Amino acid sequence: MTLRFAYNTNGTANHRIEDAIRLIKDAGYDGVALTLDIHHLDPFADNWVVEADRIASILSRLELGSVIETGARFLLDPTAKHEPTLVTADAAGRARRVGFLKRAIEIGKILNSEAVSFWAGVPKPGVDHDEARGWLVEGLREVAAFAAEKGIVAALEPEPGMLIETLDDFSRIDVPGLRLALDTGHCLVTQERDPAAAVHEFAPRLGTVAIEDMKRGEHIHLPFGEGDMDVPAVLDALDAIGFEKLVCVELSRDSHRADVMVGQALEYLRTCRRPGPGLPRPDETPREIPVPGLPH
């Protein structure tokens, strides 16, 4: 079985969305993980439906699949990163986050996306965590029900430092239809599970999967070969469970060199399990790979 890879547009923040998609396509990816943002299909723009139709047409023409990502930093509040969330004390703020996630699902429907990925949020100081879990479950039920109605997979991503930060936290949530958005690098940050073991354990509940390199205990997305991730083991695990959806590369800190990193990341993923001289190994920093069709 051949794994299918996508690249997250939060790692192409300095590109126009159509240029980012073309860059990803020319590198040889099978899809795009589209992070909705002010410059990449703004879900709050007056013409969001027209723009979604335009992006859907581009993806269709280029034969690219997609996953919708919702982690933009200042999309809902220009003064507070990632706020409001599903665990914000203000009910109106939580409702705004739910509304955004529903809009993301509507966009996912237009793009025929495989999943919409989102996270819980960080409770502010003084917020009771049990009360916050109640707010979270209430919001998750509304979002998951809306996604089911639209025929879209709603996937919750455990995120280090958030109310739902581990896979055990995710396991304790009982929301019909909710799937797991597994970022394999986060397993290294929390050190709760081996990333490959997590793939096997949660195979029946996987909605989408992200991969990148990370160091143990440090939540920094790194290019392959610069952290502690056993990438070949994760890819072998995905092969073993017959994972057919997009495996999304997330290098959100590397937009300034996306012209190099988009192609380099895919080359690493395609060659890190193949023996032979001159090919990168998991403990090596991969060579810079020129992207076909773009100037070197």
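The values are calculated or read from the model by the stated rules, or taken from the named source; none is laboratory data. Computed from a prediction, not measured in an experiment: that's the story for all the values here. Please note: Cβ atoms are built from the backbone with ideal geometry, for glycine as well, and neighbour counts cover all protein chains shown. Each accessible area value is taken on the protein alone, full model and side chains, heavy atoms only, with ligands, DNA and RNA left out. Shrake-Rupley method; radii C 1.70, N 1.55, O 1.52, S 1.80 Å.
Take ASP46 and tell me if it is out of contact with any Asp or Glu (no Cβ under 9 Å at 6 or more places or on another chain), surrounded by fewer than 24 Cβ atoms within 10 Å (Cβ to Cβ) and not in a helix (DSSP H, G or I). It is true that ASP46 is out of contact with any Asp or Glu (no Cβ under 9 Å at 6 or more places or on another chain), surrounded by fewer than 24 Cβ atoms within 10 Å (Cβ to Cβ) and not in a helix (DSSP H, G or I). The set of residues in region 176-229 being part of a helix (DSSP H, G or I), over 21 Å from ILE68 (Cα atoms) and either in contact with a helix residue (DSSP H, G or I) (Cβ under 6 Å, 6 or more places away or on another chain) or of a type in the set (Gly, Ala, Ser) (or both) consists of CYS187, PRO195, ALA196, ALA197, ALA198, HIS200. Between VAL127, VAL98, the distinction of being in a helix (DSSP H, G or I) and either within 18 Å of LEU180 (Cβ to Cβ) or free of Cβ contacts under 8 Å to residues at least 60 places away in the same chain (or both) belongs to VAL98 only. The residues in region 240-256 that are over 11 Å from ALA210 (Cβ atoms), open to solvent by 20 Å² or more (accessible area, probe 1.4 Å) and in contact with a helix residue (DSSP H, G or I) (Cβ under 9 Å, 6 or more places away or on another chain) can be counted, and the count is 4.
Is at least one residue of region 76-92 among the charged types (D, E, K, R), at negative phi and buried (at least 21 other Cβ atoms within 10 Å of the Cβ)?
No; the residues of region 76-92 include none that is among the charged types (D, E, K, R), at negative phi and buried (at least 21 other Cβ atoms within 10 Å of the Cβ).
Does ILE38 satisfy the criteria of being among the hydrophobic types (A, V, I, L, M, F, W, C) and open to solvent by 10 Å² or more (accessible area, probe 1.4 Å)? Criteria met by ILE38.
Screening region 49-74 for residues that are among the charged types (D, E, K, R) and part of a helix (DSSP H, G or I) and picking the one that is most open to solvent (accessible area, probe 1.4 Å) gives ARG61.
For LEU269, indicate whether it is surrounded by 16 or more Cβ atoms within 10 Å (Cβ to Cβ), modelled with pLDDT of 95 or more and touching a Gly at 6+ places or on another chain (Cβ under 8 Å).
On the way: surrounded by 16 or more Cβ atoms within 10 Å (Cβ to Cβ): yes; modelled with pLDDT of 95 or more: yes; touching a Gly at 6+ places or on another chain (Cβ under 8 Å): no.
Spelling it out, it is not the case that LEU269 is surrounded by 16 or more Cβ atoms within 10 Å (Cβ to Cβ), modelled with pLDDT of 95 or more and touching a Gly at 6+ places or on another chain (Cβ under 8 Å).
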